[in-house]
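Remarks on the structure that follows.
The values are calculated or read from the model by the stated rules, or taken from the named source; none is laboratory data. Here the structure is a predicted model, which is why all the values come from computation and not from measurement. Virtual Cβ from ideal backbone geometry, glycine too; neighbours counted across all protein chains shown.
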Amino acid sequence: MNFDIIFFTALISFFIVVASYDYFEFKTGVPTFPTMPAVPAVRRRMIEILKNDMETRKIKSHSIIDLGSGSGQLLWHIAKAMPKVRVVGVELSYIPWLRSVMRQRLFGPANLRYERLDFWPYDVSGFDAVITYLPGKIMERVGEKLNKELKPGTMVIANGFPLQAGWQPYETMTVRVPFKMKMFVYAKS
């Protein structure tokens, strides 16, 4: 195959991916950015918090949702570490969602599912834990949504940016990665 054709095809593919990310950022007001899944300290700490919550509350069929799951890497690690837990990622942006689904179908695990949906109308009331890594500018609206929908005792882990709308974390921690990353842990009152 001619090098020019390969280069041109790669360049067009790149622009399609970039345009897709830009379109969904414009549509939702939320950029796609990863939860630093490659940094084991963040991932391990989050899994530890979720496991402790499940054991403390003695929930028989625990379920976790990630609002805006992006490319799904963090959830994939959580689902592998907690195989008896139902784990759901909700992502509207097509390319990250497709990447998530392809990885899950190729490598499992079976307890993980990704939905290509806008999370604003998605009912989260049936989940025992919620994870977010969303920009601070929308955390007021996220806090309002979770206040309306979550049942008492539901755990929320806000990674990087605190919830607003009256939420008070019962634990705030700093995980040292190449920079300091904060996690805010809440329980719905």
| said: Restricting to the range 44-81, name every residue that is of a type in the set (S, T, N, Q) and outside any helix (DSSP H, G or I). | reply: Ser61, Ser63, Ser69, Ser71
| said: Can you say whether Pro178 is modelled with pLDDT of 95 or more and either in a loop (DSSP other than H, G, I, E, B) or out of contact with any Lys or Arg (no Cβ under 7 Å at 6 or more places or on another chain) (or both), as far as the supplied structure shows? | reply: no
| task | Collect the residues in the range 133-189 that are basic (Lys, Arg), free of Cβ contacts under 8 Å to residues at least 12 places away in the same chain and under 21 Å from Ile47 (Cα atoms), keeping them in residue-number order. | result | Lys180
| message | Looking only at the range 96-126, how many residues end up being buried (at least 19 other Cβ atoms within 10 Å of the Cβ) and hydrophobic (A, V, I, L, M, F, W, C)? | response | 4
| remark: Expected output for the range 81-107 (first residue basic (Lys, Arg), partner surrounded by fewer than 21 Cβ atoms within 10 Å (Cβ to Cβ) and at pLDDT 95 or above, Cβ below 9 Å, 6+ apart or cross-chain) is Lys84/Asn111; Arg86/Ser63; Arg86/Asn111; Arg86/Arg113
| Among the residues of the range 126-136, is there at least one that is part of a helix (DSSP H, G or I) and over 21 Å from Glu48 (Cα atoms)? | yes
